[in-house]
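The values are calculated or read from the model by the stated rules, or taken from the named source; none is laboratory data. Since this is a predicted model, take the numbers as computed values, not measurements. Cβ: placed from backbone, ideal geometry, glycine included. Neighbour counts: every protein chain shown.
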Amino acid sequence: MSKESGRVAPERKSSGAVFIICPYIIKGTHRIIEPEARLEEARGLAEAIQLDVKGEEFFKQHTIRPSTYISKGHVEELKGPIKALDVKLVFIDAAISPVQQRNLEKIWNCKVIDRTGLILEIFGARARTAEGRLQVELAALTYQRSRLVRSWTHLERQRGGLGFIGGPGETQLELDRRLIDERIMRIKKDLHKVQQTRTLHRKARKRVPYPVVALVGYTNAGKSTLFNRLTQAGVMAENILFATLDPTMRRVTLPSRREIILSDTVGFISELPTLLVAAFRATLEEVMEADLILHVRDVSHPESKSQQEDVLNVIAELGLEKAYEEHGIEVLNKADLLTRQNYKFLNTQAKRAANPPQCLVSALNGSGIEELLAHIDTFLARKDKPYSFSLPVAEGKKIAWLYAHGEVVERKDDDTHAHLTVKLSSENKEKFDRV
């Protein structure tokens, strides 16, 4: 084990033992990542799929070895700890090739899974809706297509997941390109039908219509906790990576009595596999169609700035960079974990931020939530249009409704009528027409 960060992790009950390897490739302008932060995230990925972390190793190297990804010296050095800990699975926190994977499995005499494979395994266990399962399977098949020495086990499994890790009693079906390609085509057809249904639902919402506010952010940044705080919903919000996978939507009434649809989405992560971004593009259409994007950040995390960059990179990859600049609010979450000094600094910074505006909150204890709702209200009010109404003075109910749901810019009364200019959202204008 290296002196830099190797250690033996405490034992706990779980579905399998794993040894974690974090090879950090040093590049000229590559951002610096703290070893403990990188190991913590890798550990979180393993624990998200209920693996028992027996040992972990972080080390730096300047080049990638074509045959094994990590250097020959590290490959030999790790043989001892892997054998001594009697682990059957090694998780390499990097994207390795099929050849590198097979070579390492032969040398260490155990299964090897890379970052993409483990994230796919987590997604496979987390997906609850038919659409989510189809998207994960599509991404998994695309990943497996280049690894035909593996076994297509995930369709026969009962516990969820995708079968990259393996387990007892599983049916082994030999993969070939024809079977995979046929299955991929069927999934794409099924997804197309699901996407058509989603489009119809979106069009139906636009007829209501409610503004859509989408939550995005790094995994475990507290999006689901914030979602529950704002909606009083019981969405799963645990301290594990990718606790939320399938999109969840709820209606929320703002202080101005404006109603919105709040959408919680899958968390992003550094080096998120491109095939996963592609597979979940349909789910993320809710973000692409949103009137407002809330980027939730865990400002208490030591790598908060790096996580911010990763999320912005995915936003850019989805073609939403300009939309976020024009329709985004940065929610600085987990303020309850900050020191008094850091809280004061970030709160001052948030009040000065303009593009995008920022709001410091704690989704856990509710601090800053009222200010966030006011930010959302103010932003959406920009889309309000002025409408002129001439109502009989006796129509007190309708006049009161306009005061409650809009901003009365001007009012002039005569003997019989009240003449008002009111700024209303399009949805409230339609509601008023039905009053």
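Odds and ends about this structure:
- Residue count for the range 266-302, restricted to those that are at pLDDT below 85, in contact with a Leu (Cβ under 9 Å, 6 or more places away or on another chain) and among the hydroxyl-bearing types (Ser, Thr, Tyr): 1
- Search result, residues across the range 70-109 that are assigned to a loop (DSSP other than H, G, I, E, B) and crowded, with 17+ Cβ neighbours inside 10 Å: Ile70, Val87, Asp93, Ala94, Ile96
- Set side by side, the residues Leu420, Leu372 differ, and just one is within 28 Å of the chain's Cα centre (by Cα) and either of a type in the set (S, T, N, Q) or crowded, with 18+ Cβ neighbours inside 10 Å (or both), which is Leu372.
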